[in-house]
Amino acid sequence: MQTTTASTDQARDDIPVEDFLLAPPRSADRIACRLDPRDLRRLNLYAVLTAAGIAPWPGDREAIEELSVLPDRVHEALHHWLSSGR
């Protein structure tokens, strides 16, 4: 099989095909991992803050940890407030 390089657009026969094609991942090989709901809420809160353009300051970590303990309905309201652009 011939491959071409982007820089020279010349055919090269010395590069094996295996160097370019990756097999698709097999879902059976994935490691089963479940996040604690508190950790998931914490990660989601960081993501929503970042998407809203609010970079957490170093001292904000403790507040985010405390907010992560609150129930899902509180986080739904937080996410709504932060993403509504009001």
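No value in this document is a laboratory result; all are computed from the given coordinates. Just so it is clear, the model here is predicted, and its values are computed rather than measured. Cβ placement follows ideal geometry from the backbone for every residue including glycine, while neighbour counts extend to all protein chains displayed.
Sticking with the crude label model, points 7 Å out along Cα→Cβ, report the distance from Val74 to Ile54 in nm, one decimal please.
The answer from the label model is 1.5 nm.
So how much slack lies between Glu66 and Arg26, counting 0.36 nm per residue of separation and subtracting their Cα-Cα distance, in nm?
10.7 nm
I need two numbers for segment 30-70: Rg to one decimal and Dmax as a whole number, Cα atoms only, in Å.
In order Rg, Dmax, the Cα atoms of segment 30-70 give 11.6, 36 Å.
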